[in-house]
Amino acid sequence: MTTGSPQSGKIRVLAVTTYELGHQPLVLARLASTLGSAGIQFAFCDNSVERRSFSRREDFLLQDGEPPTDLIISVPMHTATKLGREIAVRARGIFGDSIRIIAVGLYSKVALASSRSFDAAVFLDDPKSIIESLGATWHQDSHLSSSSSAPDRSMLPGLGNYAYLIADGGKKLVGYVETTIGCAHMCKHCPVPVVFKGRFRAVSASEVLTQIDQLHSAGARHITFGDPDFLNGPAHALRIVRSMHAAHPELTFDATVKVEHILEYRGIWHELRALGLSFVVSAFEHTSDDVLHHLAKGHTRADIVEALSILREQDIDVRPSLIPFTPWTSKSDLLDLFEFIYDHDLVGSIDPVQLSIRLLVPLESLLLDDISTEFGQWNPELLSYQWTSSDPGLDDLHEALTSIAEDAAAGIVNNINAISLMREAAYRSFNLSPPLRPEPSKSCECRPKLSESWFCCAEPTKLLLDSLGGNNSLEGLTLRDTDS
């Protein structure tokens, strides 16, 4: 646990994060800047590194042995909310009403709706609300703006504690930054437009570049741009990576980009490759045009094929994210998705867990506006609205594929063989024989990737929760393998 400089005042904050998609917690870095600038005493715990049980009073104490008056729990996405909620429940049981518990992040309203242990929900991009939620006074002459101040990473665990890049037979430490906050798009399954409603703001280029300089000094040789879409502002993005390459030409990077932006800005990929772009994460989600329409993705199956061609012409790998299981997925849709992966040489570019993901429908999801689809009631335990597949056999298949994906994540079977086993299981569940396929080339196993599969808008697997303390340190957390 790391503590900020003590100062006068009665507010004493413990801020805890449980999981930020495998990267160094930018949420804590932003909180450090906000709380430190306001003169509030605070301590941090990244529980993906420290693995505290939070079952004893001592687990919550600041370094001087005193309890916090306020507990901030970072909830940037689904997995962190499930784990953070358990910590909130335990804190409430230990401290009763003497502690204020605040959920901070994209899923803060979801956390508040899921447990009475939370007292407030605050979005991280509003320092004024964070300070006022702690009972402190926001001074109009504060140098903090209404948007996030520059993150302070000085108190965070080192980069060696987090996901690394695997590429060219070696490993690189990875730094994580964001060039924009929010997103311009309204994909219906995504939690971002629920909060941002199609808006975003740019983080100043100087601030982003300062962060990259600091991460480089800390050992990072690869940068992940974690914006929901890196090309929300293409001129802004280009300005940053040009300056980054000029200052640190050895740095490589990856970014998340929508299919429609890959097509729209097809002229920039040659330059981005020259500036160090290693791979693009892109939310393909499905190959069914009907499913893509329900999700309001803004692209089609044909667009995916074209996007792959554009990037591969520049020797840029694509790592698709997928949502195979939705209320609209048919048996033929699922089999087509597997064949698409083989037809387009994506076996080495997909983590097996992507083929086991079941649609998550969070609080206030835009999917609820789809009058053609019937969703069940909000389930606060699952953090999701419930739904059933059009074919019950798909739910059974989902469980089978999840088991194979967990074996792959545990190293019991390699990714290439796991995807083959998943394809066979899909055909077998429909009493069909899969078409014969040649073995994927050895080269597809060497494509650049991060060492950890990311779980954002998806139910965490049991293995992931185990690795984060969901079964070991946080005993008693209820695990569900449904409604991802």
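The values are calculated or read from the model by the stated rules, or taken from the named source; none is laboratory data. Keep in mind that what you see is a predicted model, and the values were worked out from it rather than measured. Cβ coordinates were reconstructed from backbone atoms using ideal geometry, including for glycine residues, and neighbour counts include every protein chain displayed. Protein only, heavy atoms only, side chains kept; ligands, DNA and RNA dropped before computing areas. Shrake-Rupley method; radii C 1.70, N 1.55, O 1.52, S 1.80 Å.
Peptides 432-439, 290-297 ranked from most to least packed give 290-297, 432-439, packing being the mean of other C-beta atoms within 10 angstrom over each peptide's residues. Estimated translational diffusion coefficient (Stokes-Einstein, Kirkwood radius over Cα pairs, 10 °C, 1.306 mPa s) of region 323-401: 114 µm² per second. Highest mean first, the peptides 246-257, 351-362 sorted by other C-beta atoms within 10 Å per residue fall in the order 351-362, 246-257. Per-atom-type breakdown for the chain gives carbon and sulfur 50% of the accessible area (1.4 Å probe, protein chains only). Bridge orientation summary for the chain: considering DSSP beta bridges with both residues in this region, about 25 percent are antiparallel. Using R0 = 22 Å, the C-beta based FRET efficiency linking Asp336 and Ser403 works out to 0.45. Once the 1.4 Å probe is applied to the protein heavy atoms, the chain comes out at 39 Å² accessible per residue.
Name the shape class, rounded, prolate or oblate, that the alpha-carbon gyration tensor gives for region 379-444, where a ≥ b ≥ c are the square roots of its eigenvalues, rounded holds for a/c under 1.5, and otherwise prolate holds if a/b is larger than b/c and oblate otherwise. Oblate is the answer for region 379-444, as a/c is 1.5 or above yet b/c matches or exceeds a/b. Each Cα pair under 8 Å and six or more residues apart adds its separation to the average, and for region 370-424 the resulting relative contact order is 18 percent. The calculated P(r) of the chain, using every Cα pair and 10 Å bins from 0, goes 4, 20, 30, 28, 14, 4, 0, 0 in percent. Across region 270-375, what fraction of all alpha-carbon pairs, as a whole percent, falls in each successive 10 Å bin from zero upward? So the P(r) values, bin by bin, are 13, 44, 29, 12, 2. Over all other residues within a Cβ to Cβ distance under 12 Å of Leu61, the charged ones net out to 0, with Lys and Arg as +1 and Asp and Glu as -1. Excluding residues on the same chain fewer than 8 positions from Lys109, give the aspartates and glutamates whose Cα lies under 20 Å from its Cα. Those aspartates and glutamates meeting the cut-off are Glu20, Asp70, Glu86, Asp119, Asp125, Asp126, Glu132, Glu364, Asp369, Glu381, Glu459, Asp483. Extending 7 Å from the Cα toward the beta-carbon at both Asn379 and Ile412 defines two label points whose distance is 2.4 nm.
Each 5 Å bin from zero up to the one holding the largest Cα-Cα distance in region 2-92 carries the following percent of pairs: 3, 14, 28, 25, 19, 10, 2, 0.
Can you give me the C-alpha center-to-center distance between region 247-315 and region 23-58, rounded to a whole angstrom? Answer, in whole Å: 34. Once the Cβ-Cβ distance of Ser372 and Thr300 is raised to the sixth power relative to R0 = 22 Å, the FRET efficiency obtained is 0.70.
Amide H contacts of Gln386 (H built 1.01 Å from N, in plane; Pro and chain starts excluded): Gly376, Gln377, Asn379 sit under 5 Å, all sequence-distant by 5 or more or on other chains. Amide H contacts of Ala43 (H built 1.01 Å from N, in plane; Pro and chain starts excluded): Gly4, Val13, Leu14, Ala15 sit under 5 Å, all sequence-distant by 5 or more or on other chains. Entry note: region 363-414 has Rg to Rh equal to 1.12, where both radii use alpha-carbon atoms and Rh is the Kirkwood radius. A cut-off of 5 Å between modelled amide H atoms, ignoring neighbours fewer than 5 places along the same chain, links Val318 with Val280.
In this calculation the C-beta distance from Ala246 to Asp315 is compared with R0 = 22 Å, giving a FRET efficiency of 0.50. The share of alpha-carbon pairs in region 151-293 lying farther apart than 18 Å comes to 58%. Label sites at Ser443 and Asp395, each approximated as a point 7 angstrom past Cα along Cα to Cβ, lie 4.5 nm apart. Take every pair of alpha-carbon atoms less than 8 Å apart whose residues are at least six positions apart; their mean separation over the length of the chain yields a relative contact order of 15 percent.
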